[in-house]
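Derivation of every value follows stated rules applied to the coordinates shown; laboratory data play no part. Worth saying up front: this structure is predicted, and the values here are computed from it rather than measured. No Cβ is skipped: glycine too gets one built from the backbone with ideal geometry, and neighbour counts run over all protein chains shown.
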């Protein structure tokens, strides 16, 4: 099992460690609800160094990105980040990712930990123009400092005015006395905050500095379990659950990152699917009756006929009720539609609700 540069720190802090995407990762420290609450109300720190980072450099870098991703990367400018996905040739998704434009000829792609090798091989096969590709995943650490107090808690560590940074922009500079830190106004919690990319050799120094600066703001370490409840309250897709090699970006509600102003992998087939209309849709739902929906539970109609399946579900710590996401047949996708989740052979009532669940 792989470790991050901070694995020993998590163990010393008493984190419950679990295997995740081939890494030994902290799933929780003090408890999911308390950690979730910390991020929603104050500031918390996730070690997400298991994520993958590729640098693409050269004359053809943008062209390569345009051919393999669904969003239009030509709209990026220096210091801008874009959410996108890598469509496969069968109508599904290889991965979802972030595209960072460092300069006109240099980009960083941030991919999911479980897909690093798969994504690298996928993109490489389209690299016919000799773009210089570097996989820097194993030497890069990533801290996600998330919550409404994140800017205030981190401001003493940098000259960059964090409060004025726009969502989905980044800058590169000195942070906590460390050179070349990528400071990115991104995150997967819906609580605001920053993601900090740093060389592994400086990960411990960064971690210590962040916690010292954030002490007065109630900063706490946060595990992957709370990351999952936070992203689900926002209705953000998780690769392997809500999207995968078999789900179309249009079915998944990712039409907004699927731009037909250019050609990309399988774009013609996806455009035809858009014209015809999808047969199933990824929807959010809230439980009406008592019960917690789990991944792969059946979704049925009032007569017990299967109409879909749950992709993600949890008891929402912020809302104190069970919520979930899942694919349903098109006719059941309208907001307010009553559906049933099959939990231990019992039909448990729910209703389709439009994410984000947490407003």
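Brief remarks on what is shown
- Highest-first packing order for the peptide set 12-21, 277-286, 217-226 is 217-226, 277-286, 12-21, based on the mean count of other beta carbon atoms within 10 Å.
- Point-to-point label distance, residue 37-residue 288, nm (Cα→Cβ direction, 7 Å offset): 3.1 nm
- The value of relative contact order for the stretch 279-359, using C-alpha pairs under 8 Å at least six residues apart, is 38 percent.
- Global geometry of the stretch 279-359, whether rounded, prolate or oblate, following the gyration tensor of its Cα atoms and the 1.5 cut on a/c: oblate
- Stretch gain in nm, segment residue 272-residue 351, where the contour uses 0.36 nm per residue and the Cα spacing is subtracted: 25.4 nm
- Spacing of the two label points (7 Å from each Cα toward its C-beta) at residue 126 and residue 200, in nm: 2.9 nm
- Look at the alpha carbon pairs under 8 Å that are at least 6 residues apart: their mean separation over the length of the stretch 164-213 gives a relative contact order of 27 percent.
- Take every Cα pair under 8 Å whose residues are at least 6 apart in sequence, average their separation, divide by the length of the chain, and the relative contact order is 18 percent.
- In nm, spacing of pseudo-spin labels at residue 335 and residue 138 (7 Å Cα→C-beta vector): 4.8 nm
- Amide N proximity, the stretch 132-155 versus residue 172 label position 7 Å along Cα-to-Cβ, cut-off under 18 Å: 132-143
- Inter-part distance where the stretch 269-320 and the stretch 182-258 are each reduced to a Cα centre, Å: 23 Å
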